[in-house]
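Here is the structure we will look at.
The values are calculated or read from the model by the stated rules, or taken from the named source; none is laboratory data. Because the structure is a prediction, the values reported are computed rather than measured. Note: areas computed on protein heavy atoms with side chains; ligands, DNA, RNA excluded. Shrake-Rupley method; radii C 1.70, N 1.55, O 1.52, S 1.80 Å.
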Amino acid sequence: MFRSRFYNNILTVSAFLVSGLAACQSPESKTSSALNGQDSTHAVAESYTPANGNYCYQLASGSQGKDTLDITLQISDGHVSGDMSNRIFEKDARKGALEGSIKGQDISAIWTYSQEGTKDTMKVLFKINKDDLWQRSIKYNAQTQREQTDQNGEWIKVPATNCELNTTGKRIEVVGEVVNTEPQEHGYIAIVKGNDGKTYRANISNIRLERNFKRYNKGDKIKVAGDTVSVQRQMQVQVQEIRQ
């Protein structure tokens, strides 16, 4: 069970889930994000009845917008399923499945997630509006040494996004040629013209890859694999493997 602070960061927004949805890592690995808190009045003021279908939401936070929360919901006759992932830049993601129910605008679900090879569960509460989703904040319980939804906490707004463009969390392989590079604090971004004709942004970090880190230059052939994330509304591959 993660004592977290993984969530304490994705939302200094009072914490994306205030202290929470950013909380799930070992006590040593505190990360952080910087969003402004949201007024809870909007979350309860709008009257809305969602139809059956798919709904996607995304919240980018942190000083460079590189911490990303993604929520995908499938609503069907009072039942809710879906996925939720919280990714703090340069840290292991916390991601897993949602399963629950909806009554009016109120969603109650169990999030079964994994991080660093360990699985856990958490009850989460949402309120769905026409153009956004609001999540009840999360707090750390010192007695249980676990995070939990704060029944009296504030609501945090997660804006709606186009489900067709929601690629976060999918593992892909990029094969092509490096056309440019952009320096980063712990590595660099390789702009890759893929063999499939698409252009990719590959984040190659010496922290994530350690001994396997490799410096590519313009004109080099490249073959890498990793999970996708959304950074400032652009899809980026967090390279986890360099292939021959």
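The apolar share of the surface of the range 110-244, taken as the fraction of accessible area on carbon and sulfur atoms (1.4 Å probe, ligands and nucleic acids excluded), comes to 41 percent.
Only Cα pairs under 8 Å and 6+ residues apart enter the sum, and on that basis the relative contact order of the range 125-244 stands at 20 percent. Measuring between alpha carbons in the structure, the pairs from 103/157; 130/157; 91/130; 95/198; 130/198; 95/157 lying more than 23 angstrom apart are 91/130; 95/198; 130/198.
What does the C-alpha gyration tensor say about the overall shape of the range 52-119? Classify as rounded when a/c is under 1.5, otherwise prolate if a/b is larger than b/c, or oblate.
Cα axes put the range 52-119 in the oblate bin.
Convex hull volume of the C-alpha atoms in the range 148-214, normalised per residue: 181 Å³. The alpha-carbon positions of the range 191-244 define a convex hull whose volume is 87 Å³ per residue. Note on the range 78-198: Kirkwood hydrodynamic radius from all Cα pairs is 17.3 Å, rounded to one decimal.
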